[in-house]
Amino acid sequence: MSTYVAPRVDQSDRTVAENKLGRLLVAPAIILMLIVTAFPMLRALWLSVYDYSLTAPDDRSFVGLRNYTTALTDSLFWSTTLNTVFIMVVTVAVELVIGFIFAMVMHRIIFARGVIRTSILIPYGIITVVSGFAWQFAFSNNNGFVNDWLPLVGADFNWFGQYGSAMAAIMVSEIWKTTPFMSLLLLAGLAQVSEDMIEAAKVDGASWWQRLWKVILPNMRSAIMVAVLFRALDAYRIFDNIFVMTAGAQGTESVSFLTYRQVIEQFQLGMGSALSVLLFLSVLVVAFVIVKVFRVDLAAARREG
Amino acid sequence: MIGSSVLTACGSDGGGKVTLNWYINPDAQETVDKIAKNCSTDDYSIAVQLLPNNATEQRTQLARRLAAKDSSTDLMNLDPIFVPEFASAGWLEPFVDDLSSQALGEDVLAGAAATATWDGQVVVVPQWSNTQVLWYRKSLAEAAGLDMSKPVTWKQIIDGAADNGGKVGVQGNKYEGYVVWINSMIMGAGGNIVTDTEAGRDAKIEIDSDAGRDAATIIKQLADSKAAQADLSVSNEGTSLAGLLESKANPGPGSFNVNWTFVYKNQVDAEANGDLVKGATKDLGWARWPATVEGEESRPPIGGIQVGVGAYSKHTEMAQEAALCVTNSDAQEALAVEAGLFPSRGSVYESKALTDAFPEDLLALFRESIDAAGPRPQSPYYSQISSAVQSVWHPPSSVEPDKTPEESAKFLSDVLAGKRLL
């Protein structure tokens, strides 16, 4: 509705003047945005076509798209991408389920509403690095509690010693930290579902399960889409937990971590910029795919109705 | 308020006293503070600034400052392996003419001096040096029938330890320490990982050589042997010390251990704290780093700290004068006696303060080891070389003499040519 624009023929002098003023008023913000976002992006694009090491500035040379072809033909790039997608799919799926349960609890709760809502949201208020350290200690085989609590797991089991368990630990930390965000977005969606419709379904004799699947979920589809989109893009950029918990050992590297290592540890500005451009492009692809997938669903839903 | 304090901080033109910032790694801070105070003059005072704990973060913080041409980085402590990177980027003010001979006189031990130059110029002044020696439990060496007064080889200590229930402690985790071990074994066989390092990306890769295969043979022998520590693939300087001397937790026959100079004080303190059984340190022996090939001199690892002057400093002359002062014999003596950080200058080993604090034969061994040390490749691409070696040679149990050196040479050349990711 906010994008509604009056048809051209109706434009009076006054609206033209108002539009002009409007453009003038947003101009400083747009210029600032260009400086802080467009410049670094263009600079990364420019750097990515050079072979440029911070420690050998004189050896800088133009290499065209070589950095991109190197990255795209290297198995390391694809294994980290696969790993990142794996983290994204698993964490978002788990968070969607748990987040929805939390949202229902926050929505329906009748007693101690403030306390319960707050306590569900607390993990999201904790800095990711801190939650990474906390879970690292929890999973540690020296002073952690996870091994003592889990049956079938030996007291000296090293969670960070092999791929599977290290990824599990990283994902648990990620899920613990960001589920509240998911549930907050879903709670907003839940609040939009009209009580009348649920009442009507109840009167028609729909079971709880039917009401959930036929009334509540279809009516909050757009909220779910927003939640999945935001979290998926966020999860694709995962860095902190991996940095803290394994530092990329046992093949747990994500694309962001690979980029970080090229630029910050190895000072390879050219290759690092190429990777960050690729990371940016893949985030766009992920966003595109999710939007597409959900649109198809929405269209199908409309035909049903 | 802010304006005026900034003015006083760098107001050399106004006739005020100049403040020189000295970025140090957080070792031996009290001694360093004293040295900074002693070396301050009427013209300038030296302000000590702390870098992070971790070596990688120290390097990145300094690099970020210098890449942005920070004029407040006057003096900085550098690990020798970072010197070529910084020098090649033009971030270090070279010491020329008289200053170069003061920075690197004949007194400076060869291993330390070898890491202080770039492109024929002296770019840093060695402050203290670290080296590795072979630490061992005397009773184990005796049981193995080894004459430790003569140079021993890797093969001898691995066999000797395995036959007597002992271990050989090394640094086998996927980190810099593993490359330290590999590099010294290769150099001990007369080889190199790379040469012609000043050519940058076009350096000559020599890891696929007899020397590379000799080193791989030793790693394979240890990894397959009973003498390997259970955590060989993740062991570091600290963990590999377990079982060197007798403690309640480790009553076994002991081990050989290649490790840095800190071990002596560390083990003496451990006995004092009750972590070792009483009298255990009497059984602690030390010898020259093991030889890769029988009859050839070993090339022990070298580390330590060197002081460089930032090229963008507003007071490079004063900073160079200060750099020479904070690395002089008195400073080196204080660091050794108070903090156990050993001198880069040979003459300091003869000072009474040192001979009172440490056994004389241990001092002689450190001095000899630093003099004969084999530095890691002095390349502006060192961090890539190191990572590339780690990624092919780790874990130690995967090393095969006829495959690993060849594979790592190929990987290294691809990485340096920008054809592979690390």
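The values are calculated or read from the model by the stated rules, or taken from the named source; none is laboratory data. The shown structure was predicted, so the numbers you read here are calculated from the model rather than taken from an experiment. Don't worry about glycine lacking a Cβ; one is built from the backbone with ideal geometry, like all the others, and counts go over all protein chains shown. In case anyone asks, the SASA skips ligands and DNA or RNA and just uses the protein heavy atoms, side chains included. Shrake-Rupley method; radii C 1.70, N 1.55, O 1.52, S 1.80 Å.
Assorted remarks:
- Residue in the stretch A:50-76 that is farthest from the other protein chains (Cβ to nearest Cβ), counting only those that are part of a strand (DSSP E or B) and crowded, with 19+ Cβ neighbours inside 10 Å: A:50
- Taking the criterion of being more than 13 Å from residue B:415 (Cβ to Cβ) and either in a helix (DSSP H, G or I) or of a type in the set (A, V, I, L, M, F, W, C) (or both), the residues of the stretch B:188-199 that qualify are B:188, B:189, B:197, B:198, B:199.
- Scanning the stretch B:56-65 for residues that are open to solvent by 30 Å² or more (accessible area, probe 1.4 Å) and within 11 Å of chain A (Cβ to nearest Cβ) turns up B:56, B:57, B:61, B:64.
- Scanning the stretch B:215-268 for residues that are in contact (Cβ under 8 Å) with a residue 60 or more places away in the chain and among the basic types (Lys, Arg) returns B:220, B:226, B:265.
- Residue ID - modelled with the highest pLDDT, chosen from residues in the stretch A:233-252 that are open to solvent by 20 Å² or more (accessible area, probe 1.4 Å) and of a type in the set (Phe, Trp, Tyr): A:239
- When restricted to residues that are hydrophobic (A, V, I, L, M, F, W, C), surrounded by fewer than 16 Cβ atoms within 10 Å (Cβ to Cβ) and within 17 Å of residue A:190 (Cα to Cα), the stretch A:201-211 contains 2.
- Residue tally, condition open to solvent by less than 20 Å² (accessible area, probe 1.4 Å) and facing another protein chain (nearest Cβ under 10 Å), over the stretch A:253-267: 4
- Residue B:212 farther than 25 Å from residue B:149 by Cα, touching a residue at least 60 places away in the same chain (Cβ under 8 Å), part of a helix (DSSP H, G or I) and more than 14 Å from chain A (Cβ to nearest Cβ): yes
- Scanning the stretch A:177-229 for residues that are at pLDDT 90 or above and hydroxyl-bearing (Ser, Thr, Tyr) returns A:178, A:179, A:183, A:207.
Every residue, every condition in (1) surrounded by 19 or more Cβ atoms within 10 Å (Cβ to Cβ); (2) over 30 Å from residue B:359 (Cβ atoms); (3) acidic (Asp, Glu), yes or no:
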| site | (1), (2), (3) |
| --- | --- |
| B:193 | yes, yes, no |
| B:197 | yes, yes, no |
| B:208 | no, yes, yes |
| B:222 | yes, no, no |
| B:237 | yes, no, yes |
| B:247 | no, no, no |
| B:257 | yes, no, no |
| B:269 | no, no, yes |
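- Among residues of the stretch B:350-376 being open to solvent by 10 Å² or more (accessible area, probe 1.4 Å) and touching a strand residue (DSSP E or B) at 6+ places or on another chain (Cβ under 7 Å), the one that is nearest to residue B:176 (Cα to Cα) is B:375.
- Among the numbered conditions (1) over 17 Å from the mean Cα position of the chain (by Cα); (2) more than 14 Å from every other protein chain (Cβ to nearest Cβ), the only one that residue B:395 does not meet is (2).
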